Amino acid sequence: MNPDKAIRDIMTTKLVTVTPDRPAKAIQEIFGKNDFHHIPVVEKGERLIGIISKEDLFKVVSVLSLQNPENNHTERELNRLNAADIMTKYPISLDPDDTIGLAADIFLANKFHALPIVEDDKLVGLITTHDLLKFGFNSPVIEKEEEAFEEEA
């Protein structure tokens, strides 16, 4: 795997995004119907303002159910929340020309698994730890040439 390769070569560009006013219940449905774990939150078309992970949503639902264990108000409370209430605001983002190695370093140093890719203040993609694993295991292994060592006389 070449850690100096640009993120643009492996990032996901077909994204599902939501606006900050999207109801949390609708976000729950998006996650339920799809196999991804992160949804960027954008405003004015493509300007990134946040990101929501499945784990973020799970924590909100969990807290709501713990607050009302006898009454099932979780659905009603979830309908009152929107993306802006549960998103991580202004997440770390990278440029498409940043390296895969930089993305890997950021993932290793933090507890998140997705980085939005922004170019000219516009969301253009997303890279995940899954993308890095897929790239690493699909890349041809570069074998170093064995050097011949001569004994000194």
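Taking the stretch 49-66, which residues are assigned to a helix (DSSP H, G or I) and at pLDDT 80 or above?
Start the filter on the stretch 49-66 by keeping residues that are assigned to a helix (DSSP H, G or I), which leaves 54-66.
Correct list: 54, 55, 56, 57, 58, 59, 60, 61, 62, 63.
Could you name every one of the helices (runs of 4 or more DSSP H) located completely within the stretch 67-113 that has at least 1 residues being under 18 Å from the mean Cα position of the chain (by Cα), closer than 20 Å to residue 42 by Cβ and modelled with pLDDT of 95 or more?
83-86
Residues checked against (1) crowded, with 18+ Cβ neighbours inside 10 Å; (2) of a type in the set (A, V, I, L, M, F, W, C):
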residue: 2; (1), (2): no, no
residue: 5; (1), (2): no, no
residue: 15; (1), (2): yes, yes
residue: 18; (1), (2): yes, yes
residue: 22; (1), (2): yes, no
residue: 39; (1), (2): yes, yes
residue: 43; (1), (2): no, no
residue: 62; (1), (2): no, no
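Which residues, counting only those in the stretch 17-48, are hydrophobic (A, V, I, L, M, F, W, C) and part of a strand (DSSP E or B)?
18, 39, 41, 42, 48
Consider residue 4 against the criteria (1) under 21 Å from residue 135 (Cβ atoms); (2) within 14 Å of the chain's Cα centre (by Cα); (3) in contact (Cβ under 8 Å) with a residue 40 or more places away in the chain: it satisfies all of them except one. Which criterion is unmet?
Residue 4 satisfies all of (1) under 21 Å from residue 135 (Cβ atoms); (2) within 14 Å of the chain's Cα centre (by Cα); (3) in contact (Cβ under 8 Å) with a residue 40 or more places away in the chain except (2).
What's the total number of residues in the stretch 114-140 that are part of a helix (DSSP H, G or I) and within 13 Å of the chain's Cα centre (by Cα)? Before you say what the answer is, go through the steps one by one.
Initial filter on the stretch 114-140 (part of a helix (DSSP H, G or I)): 129-138.
Of the ones still in play, those that are also within 13 Å of the chain's Cα centre (by Cα) are 129-132.
Summing the residues that are part of a helix (DSSP H, G or I) and within 13 Å of the chain's Cα centre (by Cα) in the stretch 114-140 gives 4.
The values are calculated or read from the model by the stated rules, or taken from the named source; none is laboratory data. The structure displayed is predicted, hence computed values, not measured ones. Backbone-built Cβ (ideal geometry, glycine too); neighbour counts: all protein chains shown.
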